[in-house]
Amino acid sequence: MNQFLKEVLQDLSQTQKSLNSKYFYDGKGDKLFQEIMDCPEYYPTNCEKEIFRDRTTDLAIALKNGFNTFDLIEMGAGDATKSSYLLKELIDTKVDFTYMPIDISSAMIVHLEQSLPEKIEGLKVHGLNGEYFEMLEKANHISFRKKVVLLLGGNIGNETPENAIEFCRKIRASLQEGDLVLVGFDLKKNPRTILAAYNDAAGFTRDFNLNLLHRINNELDGDFDTEQFEHYPTYDPVTGACKSYLVSRIEQEVRISGQSFHFKENEPIYMEISQKYSVEETEEMAKIAGFKSVAHFFDHKKWFVDTVWQCI
């Protein structure tokens, strides 16, 4: 049984049905996520891009931290749009570094290894295709140099606060004292602004969630009637938890690879979380996970922060 099928059957068998958001990203899902990032309500991408574009020199100084030789590792690099500003600045200031992008997509790693040195002359790229922590371990075997790790895009927000702390502890366990991590956090702000970002008027976020049901139908012999599920996002301004659900419009049976699942009318499938933080909460997380917070970089609205942590 493949991992995708195994997790889907397991997650839909729980009292609180859920689906893992990591499976959103097939070919159609990638395109829909690009549409989400380009829609006017979705602010996080532009906020962080502004930080990397307008604070590049300060970012580079903070990440060099007095060193001129290190490995720059990006977890979940994607197309490296934002980090390219930093890469160019480090090359222009004659820093001796190797860029090590980690991505689950082998095609993306091949693309980065080929395209980035053409765009940024003198850049050394050593791509790492696989899961985050296996690839961090591999990076340690490739080179003993100081490490600077990037975790951008508010990806840490795709975990509950408890799981995010565990995740950061695992990063810390892979690094040495003095190594640095830059983490992007989407900050708490007006609740309507946050909710609109996950419920865009054009319906791209709705389609992005429903696409996972289509994917299950296509790849796992499912028979979801996507017309009978409604996208429902929520945001709790106290806890900072922004969650997405797909709610069954009717009582119905769904079959996946021969296994049957009963849905009551109005029963939700929990799809994903996008956790929002205060600056104080990010500093507390750093402390608990074995880091000290050394610098904060904000966009001009202070809606997003890229915070630099040092391993202690």
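Over the alpha-carbon set of the stretch 161-233, work out the extent along each principal axis and list the three values in angstrom, largest first.
Largest to smallest, the principal-axis extents are 52, 37, 19 Å.
Enter the mean projected area of the convex hull around the alpha-carbon atoms of the stretch 58-138, in nm², rounded to one decimal.
5.0
Net charge within 15 Å of GLN228 by Cβ-Cβ distance, Lys/Arg positive one each and Asp/Glu negative one each, not counting GLN228 itself? Walk me through the numbers before you get to the answer.
Numbers: positive: LYS17, ARG206, ARG249, ARG255, LYS264; negative: ASP223, ASP225, GLU227, GLU230, GLU251, GLU253, GLU265, GLU267.
Within the 15 Å Cβ shell, the charges total -3.
What number, in nm² with one decimal, is the all-direction average of the projected area of the convex hull of the alpha-carbon atoms of the chain?
16.1
If you add up the charges near GLU253, with Lys and Arg at +1 and Asp and Glu at -1, over every other residue whose beta carbon is less than 13 angstrom from its beta carbon, what do you get?
-3
Counting only helical runs of four or more DSSP H residues, what would the 222 nm mean residue ellipticity of the chain come to if each run contributes -39,500 (n - 2.57) and the total is spread over all its residues? It would help to have the intermediate numbers written out before the result.
Details: 11 runs with 124 residues, N = 312.
Counting only the DSSP helices, I get -12000 deg cm²/dmol.
Test of understanding: ordering GLU265, GLU35, GLU272, GLU227 by Cβ neighbours within 10 Å, fewest first, what list do you get?
On the way: GLU265 11, GLU35 16, GLU272 21, GLU227 8.
Arranged by neighbour count, lowest to highest, GLU265, GLU35, GLU272, GLU227 become GLU227, GLU265, GLU35, GLU272.
What is the fewest-to-most order of ILE61, ILE269, ILE256, ILE73 by other Cβ atoms lying within 10 Å of their Cβ? Mind showing how you got there, number by number?
Numbers: ILE61 13, ILE269 22, ILE256 18, ILE73 28.
Placing the least packed residue first, the sequence is ILE61, ILE256, ILE269, ILE73.
Within the set of other residues whose C-beta is less than 13 Å from the C-beta of ASN46, count the net charge using Lys and Arg as +1 and Asp and Glu as -1.
With Lys, Arg at +1 and Asp, Glu at -1, the neighbours total -3.
Summarise the long-distance tail of P(r) for the stretch 208-312 by giving the % of C-alpha pairs beyond 16 Å.
When every Cα pair of the stretch 208-312 is considered, 69 percent fall beyond 16 Å.
In which sequence would PHE67, PHE185 go, from the one with the fewest C-beta neighbours within 10 Å to the one with the most?
Fewest-to-most ranking of PHE67, PHE185: PHE67, PHE185.
Please name whichever of SER115, SER105, THR57 sits farthest to the positive end of the charge dipole of the stretch 52-204, dipole taken about the Cα centre and charges placed at Cβ: Lys and Arg +1, Asp and Glu -1.
Highest projection toward the positive end goes to THR57.
What number do you get for the stretch 66-206 when its Cα radius of gyration is normalised by 2.2 N^0.38 Å, N = residues?
Against the compact-globule rule of thumb, the ratio is 1.15.
Rounded, prolate or oblate: which fits the stretch 251-308 when a ≥ b ≥ c are the square roots of the eigenvalues of the alpha-carbon gyration tensor, with rounded for a/c under 1.5 and prolate only if a/b beats b/c?
In terms of gyration-tensor shape, prolate.
Hey, could you pull the Cα Rg and Dmax for the stretch 2-92, both in Å?
Taking only Cα atoms of the stretch 2-92, I get Rg and Dmax of 18.6, 55 Å.
Taken together, the values in this text are just the output of simple stated rules run on the coordinates, not laboratory data. If you're wondering where the values come from, they're calculated on a predicted model, not measured in any experiment. Please note: Cβ atoms are built from the backbone with ideal geometry, for glycine as well, and neighbour counts cover all protein chains shown.
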